[in-house]
Structures are given as C-alpha cells and as structure tokens.
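Take a look at the structure below.
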C-alpha cells in the first residue's frame with residue numbers, strides 16, 4: 001500500500017522527464033532496465049487483478065444484488081441501501097462503535113511498541129534483550145481464536161482473575177459483561193498480542209541512529225532520559241509518522257477476528273462493529289447489497305482519514321506524498 | 001571491434017532474448033494455470049441417453065475424515081459412488097459450520113454444485129428467492145424412479161418440497177418422529193437430597209438451588225451447578241413457557257396460535273426471561289452462560305459430573321459415556337418439562353420429513369442429477385453408506401439388521417460418511433439406537449433414557465411450541481427477513497442483558513417494553529401480518545402441529 005503510490009509517482013516523473021510516451025520505450029534507460037520492468041510486471045498485474053478490478057464490484061452497493069442476475073444484471077436502486085442503513089438506529093451505533101474502538105486502539109495502542117522498542121534498546125545485556133524481544137513478539141503468531149479463548153477464560157467469572165479478586169475483595173466482577181472493562185480487555189489483549197511485533201520496525205529504525213550522537217550527548221552531560229528525548233525520539237520520528245499514517249488508514253477496520261472472538265450479547269452495545277455486522281448480515285444472511293453499502297462507507301471514511309493525517313504530517317514536513 | 005567479439009555480443013543478446021521469452025512463457029502458463037481450475041468437468045452431451053453423465057454434488061465436511069481415508073471429496077465412499085452409481089460425481093466439500101458462507105461464495109462466483117445439500121430451511125428459501133433453484137416437477141414425473149415411489153409413499157414430502165409458486169424445488173427424506181432435544185436430570189442427585197423430579201417452575205428453581213448449594217456430589221466442595229442455561233438447555237427453558245423465541249440457536253419464533261389466530265406473543269417471553277433471571281440471581285447457573293454459545297462448557301460441566309440438569313441435542317451417547325466414566329454412580333433420566341401458567345409443552349422433536357436437497361438452476365444435465373437422487377434414495381446406496389460393505393464392515397442378522405463386524409474399524413472407515421446419506425430415510429430396522437445389534441452398556445442405558453423421552457415428549461397433549469415446526473413455516477420475503485433478523489438480534493441481546501443484569505420484575509417489564517419498541521420501529525408489524533395472513537389462507541393445506549403428530553403415527557404404523 002505504501003510502496004505502490006510512491007512507485008507510481010516516480011514512474012510518472014520518469015515518463016515525463018524522458019519526454020513523451022513514445023520515446024521512452026526506445027530510451028537506453030528503458031532498455032537497460034528491461035529485466036527490472038519485467039519483474040515489476042507481475043506486481044502491476046497483482047494490483048490490477050486483486051486490488052483494482054474488485055473495486056468494480058462495489059456497484060452492488062447501489063443495486064439490489066441477486067445471484068440470479070449477477071453483479072451487472074441486478075436492478076439499480078440508487079441510494080436505497082444507504083437510506084436503509086442510516087435510518088436503522090442499529091447502524092449508527094455500529095459505526096460509532098467501530099470508530100470508538102479503532103480510535104481507542106490507535107491512540108492507546110500506538111505508543112506501546114515505541115516504548116517497548118526504546119526500552120529494549122536501552123537494555124545492556126544482549127541475551128536478556130534477545131529473550132525478552134522473542135517472548136514479546138511471540139503472541140503475534142497466535143491466531144485470535146486462541147488468544148480470544150485464553151482471554152475469555154481468564155476474565156470469566158469463574159476465571160483466574162476473578163478467583164484472585166474474590167480472595168482479595170470477596171466479590172467477583174463480571175469483566176466481560178461490563179462495557180468499560182470489556183473495552184479495557186479488548187484494548188489490552190490487542191496490545192499484548194501485537195505490541196512486540198510492531199516494535200521490530202522501531203528497533204530497526206533505532207539501529208540507524210548514529211552512535212556518535214549518543215557519545216557526544218553523554219559527554220555534554222545528557223543523562224539517559226535526555227538522550228532518549230533529544231536523540232532517540234527525533235531519530236525515529238519519520239518512522240513513527242509513517243506508522244501513524246498507516247494506522248489511520250486502518251481506523252475504520254477494527255480487525256474482525258479480535259472483536260468476533262471477544263464479543264458477547266451483554267456488551268453488544270459497544271462490541272458490534274462494521275466487520276462483524278457484515279459477516280453476520282451479509283455473508284451469513286445473504287444481504288450483500290446492504291453490507292456492500294456499509295463497506296463502501298467504511299472505506300470512504302478511512303480514505304478521508306488518511307488524507308487528513310497526511311495533510312497534518314506534511315505541515316511538519318513529514319508527509320508521505 | 002573484431003568479428004569474434006561481435007558474434008559474442010550477438011549471441012549474448014540472443015541468449016538474453018531467449019531468457020525473456022522463457023520468462024514470458026512461464027508467466028503466461030502460470031496465468032493459464034490459475035484460470036484453468038474454474039472450468040470444471042460438466043460433461044458435454046448430457047442429453048444423450050447412452051453417455052454417462054457427469055455432475056457435481058455438495059458434501060459437508062466436518063473435518064472428521066481420518067488422514068488414512070483421504071479427504072471428504074475423495075475417499076473410499078466417493079470412489080464407491082463413482083464405481084457403482086449411474087453418473088460420474090465430483091464432490092464439492094463445504095465446511096459444515098460455515099456452509100452458508102461457502103455456498104454464498106460458490107453461487108456468487110457461479111461455481112455452485114449441481115446438486116446441493118443443506119439442512120437450513122431458511123437458506124433453502126433464500127436460494128429460492130434468489131432464483132437459484134430448478135423446479136423439479138417435470139423432471140421427477142419424466143425421469144425419476146425411486147424418488148417418485150418415495151413421494152407416493154410419503155405425500156408430506158411433496159407438500160414440504162413445494163415453494164410459494166406451487167412448484168417442487170426440494171427433495172428430502174422421511175424420518176421417524178422421535179425426541180430431538182432432551183432435558184436430562186441427575187436422578188442420583190435428586191435421590192440423595194430427597195427431592196422429586198420438578199413439576200413446576202418453582203420446584204425447578206428449588207431443585208436447581210439445592211443442586212448448587214447442598215453439595216450433591218458429596219466431595220465437600222462448593223463446585224456444583226444447578227442447571228445449564230446455554231444452548232439446548234436455554235432453548236428448552238424457553239420452550240417450557242410455550243415460546244419459540246429462544247436465546248440460542250437460530251429459531252427466534254415468537255408467534256403462537258391464540259383463538260385460531262396467529263399473534264406475536266410477548267407474555268410467554270416475559271415469563272420465561274423472568275424465570276431465567278431468577279435462576280441466574282440464585283446462582284444456580286453458569287455466570288458466563290452468555291459466552292458459552294454452543295454449550296461446550298455446559299457439556300464439560302455435565303460430563304465431569306458437576307451439573308445437575310442439562311439439555312442434550314439428540315441421543316448423545318458420547319457425553320453419557322464420558323459422564324459414566326467420571327462418575328460411575330451417575331443416574332440420568334429424561335424429564336418432562338415443568339408445567340407453567342401457559343400449559344405443558346415439549347421440547348423439539350425431529351421433523352417427520354426433512355428437506356435436504358436442491359438442484360442448481362444452472363445445472364447442465366438435470367437428468368443425470370435426477371439419476372443421482374434416485375440412486376441416493378435406493379436401497380443399495382442407503383444400506384452401503386449407512387452400514388458399509390457387507391462382509392467387510394457388517395453382516396446381516398437373521399431378522400435383517402446390520403451387525404458391525406468390527407466397531408472400531410467402522411469408526412475410522414465408515415463414520416465420516418454420515419453426510420452422504422442426506423436422502424436416506426431415517427426409519428425402519430436399521431435406524432436408531434433401539435435397533436442396534438449388541439448395544440454397549442452405555443447404549444443400553446441410553447435406550448432407557450430414550451424411552452422416557454418418548455413417554456414425556458411425544459404426547460400431543462403436551463405439544464411442541466409454536467404454530468408448526470420451523471421447517472414448515474413459510475419463508476419471509478427478502479425485505480421482511482431483513483426486518484426480522486435485525487430486530488430479533490437486538491431483542492435477543494436485550495433479553496440476555498436482562499437475565500444477567502438482575503433487577504427483578506421491573507427490569508423484565510422494561511425489557512418487554514423496549515423489545516416491543518424495537519420490534520415496532522423496525523417494522524415488525526409487517527412480519528406479524530405476513531404470518532397471520534399466511535395462516536388464514538393456508539391453514540387447511542399447510543403442515544401444522546397436529547399434522548406432524550399424525551404423520552409420526554402413520555410412519556410408526558408402516559414400520
């Protein structure tokens with residue numbers, strides 16, 4: 001996602017600089033790079049076939065899609081699906097939940113990998129650093145079904161946490177049935193699962209900081225804290241911005257698996273999100289047009305968010321394009 | 001530049017070109033390989049009678065095929081079908097518990113099989129609404145042999161196979177009317193605490209509380225639970241009050257008959273939610289029953305001997321065996337549902353006819369599909385798929401029943417093929433625990449439980465709830481389906497919140513008020529009207545509750 005627009009931009013520049021489409025194909029530069037172009041071709045094909053062509057299917061959001069008539073033959077219904085969507089009280093709640101959960105995940109979850117990376121970077125003993133690093137990124141490789149099962153069991157009223165709580169206060173607490181605690185568990189489990197893995201990218205960025213900067217700083221009397229603030233953080237700032245823009249693109253798509261395995265009826269007021277709704281109503285219930293409309297809306301909002309974030313980032317001279 | 005060097009350069013360029021050419025060919029081949037998969041063997045001249053037809057058939061995959069047997073779509077039984085059947089069959093495996101998604105994807109990509117097997121009647125209706133099914137009347141009249149005989153023998157099949165437009169779209173099978181959901185209780189616990197089998201909701205609550213508090217398993221620890229509340233147990237406790245609006249499963253059917261009219265019931269739901277709230281408040285149920293969506297946790301409690309009352313889906317001998325292994329003294333009986341102010345009811349029985357098969361509207365060779373349907377109904381197929389190969393997996397007893405030669409061997413070689421028999425009539429001498437040759441001790445015990453269930457649940461004076469079984473209700477048009485599913489989902493969540501949230505009668509009243517509100521706002525009145533109108537217009541032709549019991553009786557006589 002990140003690489004592609006950039007590539008396209010560069011491609012465009014090149015075509016323009018070599019003066020016209022026709023001549024470009026005969027330039028020495030093109031000829032010498034032919035193997036590269038050839039290798040690039042499958043990538044283009046991949047994006048065309050699997051990313052761009054399916055977008056045409058979005059027309060069913062404006063149709064009454066049936067298997068019988070197919071994507072193109074189905075009847076046009078204009079904005080009926082959207083109208084139906086936005087008159088249902090449920091839909092508004094679902095969109096609100098999606099926004100709320102994802103914004104919270106980004107805002108609260110975002111700093112954790114950075115903190116983790118910096119802490120790991122400051123560890124002196126190599127073996128300790130490697131062990132911790134491996135352990136914290138291990139959960140990333142478990143599927144959400146497993147993590148969800150663990151979390152639900154641990155926080156159940158007959159679970160581990162409540163057993164301890166009962167010994168302390170004599171009262172169990174229904175963590176999974178209370179909206180506040182459910183959101184906390186949702187966010188916590190997301191951080192636990194993915195913070196370690198996301199930290200890898202920051203760790204890589206950290207290695208590119210010139211060690212002489214740290215030496216100079218410590219000679220000038222800067223302590224660890226000052227070093228982190230004035231060298232480490234500015235050093236990885238570009239990476240942080242790119243990660244933030246990418247995260248904003250995902251704001252509207254709370255991961256399906258995580259919500260689906262953790263949600264329950266009691267907290268449905270907060271736990272029903274767009275992806276789980278599309279699954280239940282669209283894929284299981286066969287209401288493809290209605291859920292395509294919802295999906296299209298979701299993408300639009302995400303697109304606007306990406307543009308906004310980039311505009312903000314550009315203000316600080318760190319824009320992606 | 002010397003000649004030599006020049007030629008070297010030329011050959012180098014040639015070599016490069018060759019490499020490009022090779023690469024291009026490779027990509028082209030790869031691309032062709034990708035699209036090649038979709039052109040499946042349909043068989044060209046389907047119409048010609050002498051040529052062997054070729055069709056595709058769906059088959060559930062429950063992930064139970066041992067690796068030594070191959071895969072669901074390629075194993076000894078699929079091979080047997082192709083060797084012994086009238087047509088070539090290519091099976092398309094469909095994950096059992098994600099079947100709707102899979103079928104939807106297959107239909108959307110125009111790769112759905114010619115012959116489709118799916119239990120979900122609502123989905124069958126959806127396919128009909130989407131015009132994906134082929135009307136079968138002419139096909140059956142002109143080409144069918146075996147299935148035609150079945151239709152004559154069981155006219156209900158004809159009735160149940162028809163859709164709104166009066167044409168036949170579904171094929172199915174006859175089944176003995178037997179208990180399907182069981183409410184099981186630990187008799188040894190009752191005896192130990194000096195209690196009787198509960199006859200009213202109040203007694204039920206008292207028993208559940210006693211089971212929780214009085215340490216019926218005698219291990220000195222406070223670790224027992226009164227009753228299950230999730231899945232089948234929850235469904236049954238709703239049925240007990242005469243409502244078909246259940247919190248688990250797919251059947252949210254609140255409509256009942258009152259004075260010869262179909263009405264949307266709220267009183268029964270109210271009473272049943274109030275009762276379940278009391279059970280929850282009393283601590284007699286699993287505090288986390290909401291998250292136990294498919295009843296697995298409840299089953300675990302039951303088999304480990306820590307649960308007093310549970311709901312069972314069919315004759316679950318496996319769970320009983322596990323319980324007996326953990327608690328050899330356990331004694332289990334099937335109990336009648338307590339009588340409430342709304343009367344006495346029974347949990348779900350099996351339907352006497354079950355529609356399972358459909359033909360894809362775009363099937364290229366319907367005649368061959370019909371041949372396959374006939375083959376699947378015929379004796380050779382049904383006996384082989386059910387019992388295996390004679391002399392290898394079973395031998396016949398004197399009275400014509402099948403006796404397994406080596407039950408262990410059958411477990412690996414035979415049992416995974418159950419879903420190939422979706423057109424096999426489930427009645428007669430080879431069906432059911434009772435007809436089993438040499439039952440194990442656990443099976444013998446369960447036959448006793450089965451007899452109790454028959455006694456308690458099969459009496460028409462203690463009927464199943466609702467107007468008729470779900471399979472025989474008319475299908476809602478698409479826009480009403482949307483209203484119904486969306487509103488019901490919200491109401492269902494609210495009901496769960498009421499049970500868990502406590503707050504007594506006031507909370508339940510608030511729930512009913514809110515639920516009515518949701519239903520009205522969503523346009524539920526249209527759904528109510530649809531069913532009411534359907535009943536008025538079709539009450540003479542439709543299969544209603546009395547008819548089901550009548551059909552059950554008939555089938556019993558025929559055996």
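Values computed for the structure shown
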| quantity | calculated |
| --- | --- |
| D (Stokes-Einstein, µm²/s), Kirkwood Cα radius, the stretch B:177-276, 1.002 mPa s at 20 °C | 141 |
| Calculated [θ] (222 nm, deg cm²/dmol) that DSSP helices of n ≥ 4 give over the protein assembly as shown, each run adding -39,500 (n - 2.57) | -17000 deg cm²/dmol |
| At 1.567 mPa s and 4 °C, Stokes D of the stretch B:238-394 from Kirkwood alpha-carbon radius, µm² per second | 64 |
| Directionally averaged projected area (convex hull, Cα atoms, the stretch B:473-559), nm² | 8.6 |
| At 1.306 mPa s and 10 °C, Stokes diffusion of chain A via Kirkwood alpha-carbon radius, µm² per second | 67 |
| Using alpha-carbon coordinates, inclination of helix B:201-213 to the longest axis of chain B, degrees | 80 |
| Chain lengthening between residue A:218 and residue A:46 when straightened (0.36 nm per residue, less Cα-Cα) | 56.9 nm |
| Dimensions in Å of chain B - Rg and Dmax from alpha carbons | 28.2, 113 |
| Acute angle (nearest 10 degrees) that the helix B:231-240 long axis makes with the longest principal axis of chain B, alpha-carbon atoms | 50 |
| Orientation-averaged projected area, Cα convex hull of the protein assembly as shown (nm²) | 51.3 |
| Overall dimensions of the stretch B:88-158 as given by Cα atoms, namely Rg and Dmax in Å | 14.1, 38 |
| Within 10 Å of each Cβ in B:103-110, the average number of Cβ atoms from other chains | 3 |
| Cα-based helix-to-principal-axis angle, B:545-558 vs chain B, degrees rounded to 10 | 70 |
| Radius, Kirkwood style, for the stretch A:47-103 when every pair of distinct Cα atoms is counted (Å) | 13.4 |
| Ordering of A:52-64, B:345-357 by burial proxy (mean other Cβ atoms within 10 Å per residue, highest first) | B:345-357, A:52-64 |
| Highest-first arrangement of B:444-453, B:308-317, where packing means the average Cβ count within 10 Å | B:308-317, B:444-453 |
| Inverse mean reciprocal Cα-Cα distance (Kirkwood Rh) of the stretch B:395-470, Å | 15.2 |
| Centre separation in Å (Cα based) which lies between the stretch A:193-207 and the stretch B:213-240 | 48 |
| Average other protein chain Cβ within 10 Å of Cβ, residues B:485-492 | 4 |
| Alpha carbon convex hull of the stretch A:185-251, projected area averaged over orientations, nm² | 5.5 |
| Packing-based ranking, highest mean first, of B:289-297, A:213-221, B:84-92, B:454-462 given that Cβ atoms within 10 Å are counted | B:289-297, B:84-92, B:454-462, A:213-221 |
| Ratio Rg/Rh [Cα only; Rh per Kirkwood] for the stretch A:231-321 | 1.13 |
| Test item: A:156-162 mean partner chain Cβ contacts at 10 Å | 3 |
| Kirkwood-type radius of the stretch A:57-183, with distances r between different C-alpha atoms, in Å | 19.9 |
| Rg and Dmax [Cα atoms of the stretch B:302-408; Å; Rg one decimal, Dmax integer] | 21.4, 59 |
| Distance between the stretch B:129-165 and the stretch B:416-481 - C-alpha centres, whole angstrom | 23 |
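Each reported figure results from applying straightforward, stated rules to the coordinates on display, with no laboratory input. Just so it is clear, the structure is predicted and the values come from calculations on it, not from any experiment. For neighbour counting, all protein chains shown are included, and Cβ atoms are generated from backbone atoms with ideal geometry for every residue, glycine included.
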